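Pasting in a structure now, in structure tokens, and then I'll have a few things to ask.
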Amino acid sequence: MDIQAFIKDYWHKIAVQDRLGLAEMFTEDAIIRWHNTNEEFTREEFIKANCDYPGEWHGNVERIEINEDYILTISHVWSADQSFHVCSFFIFEGNQICKLDEYWGDDGEAPQWRQQLKIGRKIR
């Protein structure tokens, strides 16, 4: 399996909300966790959460790290009025995802208290 192609295809299917395509990427008993909101999903619940989310979405994989235990990705997901960066840890069983742990962060300005300290600078 070409893992980089799989990951890019996965994020494309997330962005276009491809229910059938996403279902094929997960084992039937897959467990998906969104740690920021303390939620755990089955494959079907995860697909519903992603594909029923309103709006037109886009996604871009910024980084892929591959090791023997898991695949780590950093991705940018956005719509016309929202933007997120997500760190995802994929564990595979054969050619399908069996466990996925994700950490989503809202993109935005630094908090006022840090701006007042005049520390840090924009990444891009």
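The values are calculated or read from the model by the stated rules, or taken from the named source; none is laboratory data. The structure presented is a predicted model; accordingly, all values stated were derived computationally and were not measured. Neighbour counts are summed over all protein chains in view; Cβ atoms, including those assigned to glycine, are modelled from backbone coordinates with ideal geometry. Quick note on the areas: whole protein, heavy atoms, side chains included, nothing else; ligands and nucleic acids left out. Shrake-Rupley method; radii C 1.70, N 1.55, O 1.52, S 1.80 Å.
For the stretch 32-75, name all the residues that are closer than 24 Å to residue 1 by Cβ, open to solvent by 40 Å² or more (accessible area, probe 1.4 Å) and out of contact with any helix residue (DSSP H, G or I) (no Cβ under 7 Å at 6 or more places or on another chain).
Hits for the stretch 32-75 are 33, 42, 44, 60, 62, 63, 65, 67, 68, 69, 70, 74.
Now for a different question. For the stretch 101-115: of the residues being touching a helix residue (DSSP H, G or I) at 6+ places or on another chain (Cβ under 8 Å) and at pLDDT 90 or above, which is surrounded by the fewest Cβ atoms within 10 Å (Cβ to Cβ)? Outline the logic, then answer.
Initially, the stretch 101-115 is screened for residues touching a helix residue (DSSP H, G or I) at 6+ places or on another chain (Cβ under 8 Å), giving 101-105, 109.
The next check asks that each one be at pLDDT 90 or above; those that pass are 101-105.
Values: 101: 17, 102: 19, 103: 14, 104: 15, 105: 11.
Among those residues, the one meeting the criterion is 105.
Quick check on my filter: what residues within the stretch 76-92 are surrounded by 15 or more Cβ atoms within 10 Å (Cβ to Cβ) and within 15 Å of residue 57 (Cβ to Cβ)?
Selection gives 76, 77, 78, 84, 85, 86.
Identify, by number, the condition in (1) open to solvent by 80 Å² or more (accessible area, probe 1.4 Å); (2) within 30 Å of residue 123 (Cα to Cα) that residue 95 doesn't meet.
Unmet condition: (2).
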